[in-house]
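Please read the structure below before turning to the comments.
The values are calculated or read from the model by the stated rules, or taken from the named source; none is laboratory data. Just so we're clear, the structure is a prediction, and the values are computed from it rather than from any experiment. Don't worry about glycine lacking a Cβ; one is built from the backbone with ideal geometry, like all the others, and counts go over all protein chains shown.
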């Protein structure tokens, strides 16, 4: 589920339904089942974080727009185009479905800059798993 209403106030999104501009809030929270994502537009760099990596944030480059075709929570077909934060969030979540994490999208330089944080998180995760 994606919901950009609160964070989207600082990082705007765009939405087109049936080729016409629409209010992003009208589709929030957004559930996409078996999404087909077609990235469009030039790459845009923006800050990202992930619940899988608490308190780790980095600049990630992704296409600025996506076209989406999916089933919604009522199993009805939805088609729309979006940009801004919503496009970024959709791509981020689609990556999860494909086994890709946002750290996989980081530049080598960025990954090296946060290496200590990543190593500490990995160590803590392993320790937690050993308790079970």
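Meeting the requirement of 1 or more residues that are farther than 25 Å from residue 18 by Cβ and within 12 Å of the chain's Cα centre (by Cα), the helices (runs of 4 or more DSSP H) wholly within the range 28-132 are 84-97.
The lone criterion from (1) at negative phi; (2) in contact (Cβ under 8 Å) with a residue 40 or more places away in the chain; (3) surrounded by 17 or more Cβ atoms within 10 Å (Cβ to Cβ) left unmet by residue 70 is number (2).
If a residue must be surrounded by 17 or more Cβ atoms within 10 Å (Cβ to Cβ), in contact with a strand residue (DSSP E or B) (Cβ under 8 Å, 6 or more places away or on another chain) and closer than 20 Å to residue 97 by Cα, how many such residues does the range 52-63 contain? So the count comes out to 3.
Evaluation of residue 38 against the conditions (1) in contact with a strand residue (DSSP E or B) (Cβ under 8 Å, 6 or more places away or on another chain); (2) at pLDDT 90 or above; (3) closer than 30 Å to residue 122 by Cβ shows that the sole unmet condition is (3). Filtering the range 1-27 to residues that are surrounded by 11 or more Cβ atoms within 10 Å (Cβ to Cβ), over 18 Å from the mean Cα position of the chain (by Cα) and outside any loop (DSSP other than H, G, I, E, B) leaves 16, 17.
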